[in-house]
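Take a look at the structure set out below.
The values are calculated or read from the model by the stated rules, or taken from the named source; none is laboratory data. Owing to the predicted nature of the structure, the values given are computational and were not obtained by experimental measurement. Methodologically, a virtual Cβ is constructed for each residue, glycine included, from the backbone with ideal geometry; neighbour enumeration extends over all protein chains shown.
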Amino acid sequence: MVREYLHMNVYDAFLARMHFLFEEFDHIYVSFSGGKDSGLLLNLVLDYRNQHYPERAIGVFHQDFEAQYTVTTEYVERTFERIQDQVELYWVCLPMATRTALSSYEMYWYPWDDTKKELWVREMPQKEYVINLENNRMTTYRYRMHQEDLAKQFGRWYRDAHDGGKTVCLLGNRADESLQRYSGFLNKKYGYKDTCWISKQFKDVWCASPLYDWSTDDVWHATYLFGYDYNRLYDLYYMAGLKPSQMRVASPFNDYAKDALNLYRVIDPEIWCKLVGRVQGANFASIYGKSKAMGYRNITLPEGHTWKSYTKFLLDTLPKRLRNNYAKKFNTSIQFWHGTGGGLDESVIQELQEKGHQIRRIYDAGRMLLCKIAGYLSDCGRLPPVSGDDGSSGYLRERTGIAAGFCH
């Protein structure tokens, strides 16, 4: 899909999308994380609803991961208190499997784990709209389900709790956040009426990203222009010298946040002390997060090893259950590159060809789209599992005056 520009600014494009959503869907709720994008989205949606559809109910879903900066918690509390008379609030604090990138021995940690209350990073929020094990209205919840599944299943429950009908969850996802997000918008398999920013989750349950073509500059300009409140963590990030692209509001233990884990020591030392005791490897990652010890950037091949033998060596250092999990992921990747293929840099393609691998290039009007590795790589055989283990408007985007849309 080629990038397609619309002859309107991103704010006007957003308003058009809001009209489309309110006309097409019976029930709308906003997923609010406490970050700049979802915070802006929530404020824009409420302003639009109040002006054009004042009778429509809006839900707000917040998935609480327990371990976060104090200022983030304060922002979420401040926002919920301000809008509680305007919306339906759902602050979810249920045990869920959340991936951790800090330890070779723990693949997941469990926010709000009821068996480890003494280790909780912060106290359970005490509000009537909080959903926890003692006050759980979410019938589609399964104990310790994966965090992604919890978010999706909330959509099913929200639909059923509102007597069915087409339901859509609004997300603050934007294409310029990462190549993965960009690719996600380009390759929508289950879109809605030829849109690339709406995708299907379940029967009559959809997700939409009406800010998908906004830039970071657009987000902050709109926040300033309309005078919206925002998470003051970004001010602290700025004072700490972070670039806008490095300022993330996320679980401190995942792949995206682990490199900045050490900032907790400076920004929120009290929370930091609790983080160290909450998940294995937190202190190690804070010290070595930007070193090769944590796989930061380039990994060099030790002398005497091939990549295959080095991979197997590293796998052998892991517990059997984790080794099997990684072997499964590698096998899936191998099958993908042989069967489907993807985009590669020219230098990578050249290196593969120099090593004797056959590369099939697929072109469109002279532009390479993807490449496929033919046959099986001589240095990348299938990795077997361990035997016996199962286990404001006119000013936005002023530099172009148009919305950077990828599709209608």
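Please work out which residue is surrounded by the fewest Cβ atoms within 10 Å (Cβ to Cβ), limiting yourself to segment 132-171 and to residues that are in a strand (DSSP E or B) and touching a helix residue (DSSP H, G or I) at 6+ places or on another chain (Cβ under 9 Å).
C169
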Q) Given Y90, Y108, which one is within 24 Å of the chain's Cα centre (by Cα) and either at pLDDT 95 or above or of a type in the set (A, V, I, L, M) (or both)? A) Y90
Q) Is there a residue in segment 83-96 that is closer than 14 Å to D64 by Cα, touching a strand residue (DSSP E or B) at 6+ places or on another chain (Cβ under 8 Å), surrounded by 13 or more Cβ atoms within 10 Å (Cβ to Cβ) and among the polar types (S, T, N, Q)? A) no
Q: May I ask you to verify whether W220 is assigned to a helix (DSSP H, G or I) and at pLDDT 80 or above?
A: yes
**Q.** Residue list for segment 12-29, filter: closer than 19 Å to C196 by Cβ and among the aromatic types (F, W, Y)
**A.** F14, F20, F25
Q: For segment 223-234, name all the residues that are over 22 Å from the mean Cα position of the chain (by Cα), in a helix (DSSP H, G or I) and not aromatic (F, W, Y).
A: L225
Q: Please identify the pairs in which a residue from segment 119-144 that is closer than 18 Å to R156 by Cβ has its Cβ atom under 6 Å from the Cβ atom of a residue that is of a type in the set (K, R) and surrounded by 14 or more Cβ atoms within 10 Å (Cβ to Cβ), counting only partners at least 6 apart or on another chain.
A: T140/R156
Q. Y192: surrounded by 16 or more Cβ atoms within 10 Å (Cβ to Cβ), over 19 Å from the mean Cα position of the chain (by Cα) and over 30 Å from Y234 (Cβ atoms), yes or no?
A. yes
Q: Name, by its number, the condition in (1) surrounded by fewer than 22 Cβ atoms within 10 Å (Cβ to Cβ); (2) on the phi > 0 side of the Ramachandran plot that does not hold for T73.
A: (2)
